[in-house]
């Protein structure tokens, strides 16, 4: 017994020494996290590592091409990698002290990466900082600091299958502009084994109806939860009535993972989706003819949701000034229009809106709605609340709306208090 | 097992340790030979465990090393956030525990029974092409779990094969992976019970109402339960086959001569002899069930309504997810570790070798007496 104890002690001591050694190693390379003074960017001249969470080959190739032309112009080498799981890979990079220099940052990541000091707050150093849409800038503002340059954005609009539309005897005059009209056309389009309207069961789609009813998850300053407001109840009651009438079904109930697939496979004649679906339609469902119109207006007017990513720069990066140059290059008007062409997103600069509309008249609904768009809450902890909310929404048809929203309200209030 | 017992016996029997140069050289050689394993275990097991333990009681936010300056000890704050306060973390953790508990309750007994059944079948001398069946039953276990999960998603989709087959029987199958209703709730609904009594719905444990604790695995989780039984039974079947082949046929034959039928022979003769293997299978099954991750990660990621979330996945999600709560994520991992240890100890106590109870002894004696009197009568 004694021998065993001493052996255990030896093993423990060994492990402890190793752990200490390890901590000493990483402690040495410790970077003063957080307070990164934006006027003092690091001036390394090494290769810039760019990590992207690409939607497909079109996007990957477009970013690689842009990076290559940046290299030709400036001589700075850029290595673009597509992440299979970007948040996880970035987390590994941050904790080991060597993250990618430039990387996609989702609005849901912004709060936690800003809070722990992983992100460089370079927003005010951008030469084109006044050209970005205000709502996009506020989506990437944390504690009053404009953190990073919005990369591109998308809004939700109504996709209509034109063949189904004609088959139901509908014309352009019938395009729904109110909730009642949407309910009517959905009913008319429900035939031949397909439903009129489908959506993914998540706040990221249904939230558009909340916006049209005048509701939102939080107040504008993100200090108070407003999840169970009368407006939100009205919006979800409306969606529930659509579901109950049988003219609308969630994509999950149609056996599809998202509204886009249900729409592409013609299991539904209409869907509420964002710009990204246009790419899927071209690549996966090229034979389906469709058009994109603005979402109908609700009791309190027009409203939609807006989704965006930004180009994050790591506070641990040794090449920050070159990284900033790269981001300015990637967010320039010409480059953003190239990205639009490659994978259907909208440029984040107000000065490019007219040009974009001229090039893509069929998608003008997306950009026309931008002025009514609500962003995703960015406070730390809210992303988890929304995930939990989404989980509940799949059974919206049979749940009590007020009870559901009360539950989310409690969680959202707790998250905002932190 | 043999090596350790002989080793212990040898060290107990032998005289005190040898000293001197030869002994030192031997010790050095011993350390040298074990060094690769020790280093590997240290780097990939001991150090990460120590780091995770530290993270679970610290405010590490995911940037730089957890041991770097600025990371502070926060006591059991992360744990209390999971176990009290009614936060979202607590609700999620409670739900994941509920889901995993039902998963264990269903998977462990069913997979053990199925594995034993398959082993008995494959081991019986009656069946031809035993090798073929053995391979067939073992096949799911050696297939990549991701591939099988994806297969399962196809089979159990709302328009998938399973629902197709059910429709031939006139049953309208559920939308398996999107159905959060619990199995018992569903059965209750058949009998007209749609909502629980106030006492059960209004009180909560770990942020989940008692009614919800009792609702059983959701339909989505049931599909995962079937998946686990399908994939792991093969592995445990092999363990049972090995055990069955080790049993001597003498006892079996003796029982046969005593006139025991096949059923009695199995329960009274074969099954008791399988106790050590049963213990192994149950322990491995239990640990495996509490650690389930891959199916949830590739399949549903906790949906629908958090009814397929499990602590292992929740731990990953909490740490690597958008809110980056590393401390809470590690705390979940350590609570899970505690749960597994407790379950294993309880099971060990239940399954330990016990002497024959007095009641049973009386019964045996009575049988013996009756047997003796019968033999006398014959004579």
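The values are calculated or read from the model by the stated rules, or taken from the named source; none is laboratory data. These numbers come from a predicted model, not from an experiment. Neighbour counts are summed over all protein chains in view; Cβ atoms, including those assigned to glycine, are modelled from backbone coordinates with ideal geometry.
For the range B:78-92, the candidate set comprises residues that are in a loop (DSSP other than H, G, I, E, B) and touching a residue at least 60 places away in the same chain (Cβ under 8 Å); within that set, the residue that is nearest to the other protein chains (Cβ to nearest Cβ) is B:87.
Name every residue in the range B:242-262 that is part of a helix (DSSP H, G or I) and farther than 12 Å from residue B:274 by Cα, in order of residue number. Spell out how you get there, then give the answer.
Initially, the range B:242-262 is screened for residues part of a helix (DSSP H, G or I), giving B:242-246, B:249-257, B:262.
Residues satisfying the conditions are B:249, B:250, B:251, B:252, B:253, B:254, B:255, B:256, B:257, B:262.
The residues listed here are B:75, B:62; of these, the one that is assigned to a loop (DSSP other than H, G, I, E, B) and within 9 Å of chain A (Cβ to nearest Cβ) is B:62. Of all residue pairs spaced 6 or more apart or on separate chains, those with beta-carbon atoms under 6 Å, a first member in the range B:21-48 that is facing chain A (nearest Cβ under 10 Å) and a second member that is surrounded by 10 or more Cβ atoms within 10 Å (Cβ to Cβ) and part of a helix (DSSP H, G or I) are B:42/A:15; B:42/A:18; B:46/A:15; B:47/A:18; B:47/A:19.
Yes or no, residue by residue, for (1) part of a helix (DSSP H, G or I); (2) under 30 Å from residue B:215 (Cα atoms):
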{"site": "B:264", "(1), (2)": "yes, no"}
{"site": "B:268", "(1), (2)": "yes, no"}
{"site": "B:276", "(1), (2)": "yes, no"}
{"site": "B:287", "(1), (2)": "yes, yes"}
{"site": "B:295", "(1), (2)": "yes, yes"}
{"site": "B:301", "(1), (2)": "no, yes"}
{"site": "B:306", "(1), (2)": "no, yes"}
{"site": "B:315", "(1), (2)": "yes, yes"}
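Being touching a strand residue (DSSP E or B) at 6+ places or on another chain (Cβ under 6 Å) and within 14 Å of another protein chain (Cβ to nearest Cβ): is that true of residue A:323 here? Criteria not met by residue A:323. For the range B:215-222, the condition of being over 24 Å from residue B:112 (Cβ atoms) and part of a loop (DSSP other than H, G, I, E, B) holds for at least one residue. Would you confirm whether any residue within the range A:62-81 is within 18 Å of residue A:330 (Cβ to Cβ), within 11 Å of another protein chain (Cβ to nearest Cβ), in contact (Cβ under 8 Å) with a residue 24 or more places away in the chain and assigned to a helix (DSSP H, G or I)? No, there is no match, as no residue in the range A:62-81 is within 18 Å of residue A:330 (Cβ to Cβ), within 11 Å of another protein chain (Cβ to nearest Cβ), in contact (Cβ under 8 Å) with a residue 24 or more places away in the chain and assigned to a helix (DSSP H, G or I). Across the range B:162-187, the number of residues qualifying as surrounded by 13 or more Cβ atoms within 10 Å (Cβ to Cβ), more than 28 Å from the chain's Cα centre (by Cα) and not in a loop (DSSP other than H, G, I, E, B) comes to 2. Take the residues in the range A:368-395 that are within 11 Å of another protein chain (Cβ to nearest Cβ), in contact (Cβ under 8 Å) with a residue 40 or more places away in the chain and more than 17 Å from the chain's Cα centre (by Cα); name whichever of them is surrounded by the fewest Cβ atoms within 10 Å (Cβ to Cβ). Per the criteria, the residue is A:394.
Hey, among A:105, A:71, which residue is surrounded by fewer than 17 Cβ atoms within 10 Å (Cβ to Cβ), at pLDDT 90 or above and closer than 20 Å to residue A:318 by Cβ? Steps first, please.
Working: A:105 fails: surrounded by fewer than 17 Cβ atoms within 10 Å (Cβ to Cβ).
Only one candidate passes the filter, namely A:71.
Scanning the range A:281-320 for residues that are under 30 Å from residue A:43 (Cβ atoms) and surrounded by fewer than 17 Cβ atoms within 10 Å (Cβ to Cβ) returns a single hit, A:318. When we screen A:127, A:95, A:114, A:84 for residues that are part of a loop (DSSP other than H, G, I, E, B) and either farther than 30 Å from residue A:350 by Cβ or in contact with a strand residue (DSSP E or B) (Cβ under 8 Å, 6 or more places away or on another chain) (or both), the only hit is A:84.
Results for (1) within 14 Å of chain B (Cβ to nearest Cβ); (2) in contact (Cβ under 8 Å) with a residue 24 or more places away in the chain; (3) touching a helix residue (DSSP H, G or I) at 6+ places or on another chain (Cβ under 7 Å), shown as yes or no for each residue.
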position	(1), (2), (3)
A:115	yes, yes, no
A:119	yes, yes, yes
A:135	no, yes, no
A:162	no, yes, no
A:192	no, yes, no
A:201	yes, yes, yes
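Scanning the range B:314-326 for residues that are more than 9 Å from chain A (Cβ to nearest Cβ) and either free of Cβ contacts under 8 Å to residues at least 40 places away in the same chain or surrounded by fewer than 24 Cβ atoms within 10 Å (Cβ to Cβ) (or both) returns a single hit, B:315. Residues satisfying the criterion are absent from the range B:260-273 (criterion: in contact (Cβ under 8 Å) with a residue 24 or more places away in the chain, surrounded by 23 or more Cβ atoms within 10 Å (Cβ to Cβ) and closer than 30 Å to residue B:121 by Cβ).
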